[in-house]
Amino acid sequence: MSEIKIDVNSLYAILLREVENETVQEVDPNLYHNIGEFLGNLKNHDYDGIESKITKSLVTMITEMTSILLKIRIEKATALQEIDYTNLLDEERFILDSEDELRQRKDIILSATLNGRLKLLETVGQNHRERSIVIRFLKPIDQIMGTDLQTYGPFEAEDVATLPFENARSLIEKKIAAKVSWED
């Protein structure tokens, strides 16, 4: 498929074609990149008065159309028992990878429960409790004792650390830290 320059009309045409068809439609592989670039260009201009209002409305319209488009494409791909990756873009596959993992995890837990595989359930639970996650501190904090009985800290605001899940979750809930994901 040839690369299409994104504007409101072309995005509307893509959205309309997606809505009118039951399957995920083939689109430019750079669609989300092009939309992001278009929105970035709109937001980076310093308009005054009526031009500013028009630009804000345009940004809102494109944002809503993009959200609807993504939602529809993901819903179509997941409507079947097996995820249909045909015509999906890399960004959409990234989203669906977690959906596929979620389905697999549900199947594992359900199967282990229904088949009395208690050791598997114990192992899954223990591994989940013992995992670590990376957090960024929003506020300074003194040294803490981890659930693994190791000491961590002290930490200053903006420090990054890997802590046991339970400790990290507690700090995140108290707004002392934020989870860091690889996208950050």
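Just so it is clear, none of the values below were taken in a lab; they were calculated from the coordinates. This structure is a prediction, so every number in the text was calculated from the model and none was measured. Note: ideal-geometry Cβ built from the backbone for every residue, glycine included; neighbour counts use all protein chains shown.
Worth pointing out:
- What you get for the chain, charging only the Cβ of Lys and Arg (+1) and of Asp and Glu (-1), is a dipole of about 760 debye around the Cα centre.
- Of interest is the spacing of the C-alpha centroids, which for the stretch 48-83 and the stretch 122-184 amounts to 35 Å.
- Assuming charge only on the beta carbon of Lys and Arg (+1) and of Asp and Glu (-1), the dipole of the stretch 131-184 about its Cα centre is about 180 debye to the nearest 20.
- For the peptides 117-129, 133-145, residues were scored by their other Cβ atoms within 10 Å and the scores averaged per peptide; the highest-first order is 133-145, 117-129.
- In order along the stretch 151-157, phi translates into HN-Hα couplings of 8, 9, x, x, 10, 9, 4 Hz, rounded to whole numbers, per the Karplus curve 6.51 cos²θ - 1.76 cosθ + 1.60 with θ = phi - 60° and x for Gly and Pro.
- Multiplying the residue separation of residue 19 and residue 78 by 0.36 nm and subtracting their alpha-carbon distance yields 19.7 nm.
- Diagonalising the gyration tensor over the Cα atoms of the chain and scaling each eigenvalue by 5 before taking the square root yields semi-axes of 40, 29, 11 Å, largest first.
- Comparing 62, 98, 126 along the charge dipole axis of the chain, the residue lying farthest to the positive side is 126, per the Cβ-charge model.
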